[in-house]
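The values are calculated or read from the model by the stated rules, or taken from the named source; none is laboratory data. These numbers were taken from a predicted model, which means no experiment stands behind them. Heads up, the Cβs are rebuilt from the backbone with ideal geometry, glycines too, and the neighbour counts pull from every protein chain shown.
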């Protein structure tokens, strides 16, 4: 059984690091406000994290240190299937011209961990290190489709979607239908639900037990993605070695 005191310290440190992920540079007062952790505790945690080279402290504020870049590279290298997916991204960009993304699930969000740039990158929101919620974007909606009924009900019950555009799905019934449609056809289609004029199509990376390991998506001009969706889905299946859903 973990020591409750140690567990509480680690939990607070985790909340601080998560706050710094969302706010790249923050003052100690901002971190205290963002996390709800007492300011005196924030001071002690930041000192400890700085001593471990996990954060950098400057007169302007606190930020994540460069050490995280090495840790991220090591984490990615440990996932052989992600390495294979990155090779697939390069091939997809070469064959389609669209920007290709590799995303993983982090809590209730899809986080981009790698991309290969194609057309239209100036209007695309997703970048390495950035996240989108389960209710928006091709990767997020792919991960939404993996939730079991009880998990989906729980997610929809505690989530209040904030629309990015007029096309963002915010209704619980609409999101249920979208998750089922994604499961049936084997891919998620995102048309202007994150950025007006931009679209994406995404497909899950699964192991032999059909456990979801990540998502590969293609993004570009919405009208091009929409018109080519079946052909792009076929290219994603071929690149990822997926079978067409029954």
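Structure values in brief
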| quantity | calculated |
| --- | --- |
| Residue 214 vs. criteria modelled with pLDDT under 95 and crowded, with 19+ Cβ neighbours inside 10 Å | yes |
| Region 109-135, residues that are assigned to a loop (DSSP other than H, G, I, E, B), touching a strand residue (DSSP E or B) at 6+ places or on another chain (Cβ under 6 Å) and crowded, with 18+ Cβ neighbours inside 10 Å | 118, 120, 124, 126 |
| Among the residues listed as 144, 175, the single one being crowded, with 24+ Cβ neighbours inside 10 Å, more than 23 Å from residue 96 (Cβ to Cβ) and in contact with a helix residue (DSSP H, G or I) (Cβ under 9 Å, 6 or more places away or on another chain) | 144 |
| In region 136-165, the residues that are in a loop (DSSP other than H, G, I, E, B) and on the phi < 0 side of the Ramachandran plot | 136, 145, 146, 147, 148, 159, 160, 161, 162, 163, 164, 165 |
| Of the criteria (1) modelled with pLDDT of 70 or more; (2) surrounded by fewer than 12 Cβ atoms within 10 Å (Cβ to Cβ); (3) touching a helix residue (DSSP H, G or I) at 6+ places or on another chain (Cβ under 8 Å), which one residue 77 fails | (1) |
